[in-house]
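The values are calculated or read from the model by the stated rules, or taken from the named source; none is laboratory data. Please read these numbers as outputs of a predicted model, since none were measured by experiment. Backbone-built Cβ (ideal geometry, glycine too); neighbour counts: all protein chains shown.
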């Protein structure tokens, strides 16, 4: 009887700490859900595209014949507000390409420091981008660009919350049933748990390879994606399945996003394993989250 009570206390303590850890992580996820209607561009991500950066700001000196475009980004259906914080010696115009056939512009008047403009999209898009040119005279510095939508720009927080609940249920079940497992089964559970941590932890840790500094231990949305030799090709496969679904294909035999959107037959890999993650992408999950789960 005494041994039984001690075992119960041990289980209760383990479940308490697991619950505390899950609640702590969920608080971060709830914050991400609340902030999912807003996105601020990080210009340091575009440095390889030829952007001239100074203290994280985008700088355009005059008469340098610079024409730059951001990588494409996604916008949800509905109203999106673009907010620019800047410094400019002359009136400056930024072109906003919302889709192949929809384009607008925002004028940044000289002497002001902030301008906002709203755009309405009847359909969601993943082809939006901003185009910048060097001014004819003077200079322009873009301090920040923030996009605010009337809908969630991404649904990562919702899917993360569901995943955390499932993990919590699984951990509680293992704690309650662990003593009934055989020694072999216990060893299997421990080894699998260690393997899962070793495989997934690098996707949620940011390391500055220049100085070796650990930037963040838990970053559910900001964790870096390390591109290897084949990473881009695998993401193209995933997007090919998604665009195939949008074309009405099932099963997906032709990936519309290959060969400058002329399409390519998909026979090299068994794409059926990508279907759940393509559906995640279609329901608003961001590419970083889909990539990690894939």
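In table form, for the structure just shown:
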{"quantity": "Residue within region 148-166 that is in a strand (DSSP E or B) and modelled with pLDDT of 85 or more present", "calculated": "yes"}
{"quantity": "Residue 168 being on the phi < 0 side of the Ramachandran plot and in contact with a helix residue (DSSP H, G or I) (Cβ under 8 Å, 6 or more places away or on another chain)", "calculated": "yes"}
{"quantity": "Index of the failed condition, residue 266 passing every other in (1) closer than 29 Å to residue 36 by Cβ; (2) crowded, with 18+ Cβ neighbours inside 10 Å", "calculated": "(1)"}
{"quantity": "Helices (runs of 4 or more DSSP H) contained entirely in region 216-294, each with at least 2 residues that are modelled with pLDDT under 80", "calculated": "231-246, 287-293"}
{"quantity": "Strands (runs of 3 or more DSSP E) (entirely within region 1-117) containing at least 2 residues that are farther than 29 Å from residue 159 by Cα and at pLDDT 80 or above", "calculated": "78-88, 92-97, 103-108"}
{"quantity": "Residue in region 188-209 that is outside any helix (DSSP H, G or I) and modelled with pLDDT of 80 or more present", "calculated": "no"}
{"quantity": "Residue in region 135-144 that is in contact (Cβ under 8 Å) with a residue 24 or more places away in the chain, in contact with a helix residue (DSSP H, G or I) (Cβ under 8 Å, 6 or more places away or on another chain) and farther than 25 Å from residue 285 by Cβ present", "calculated": "yes"}
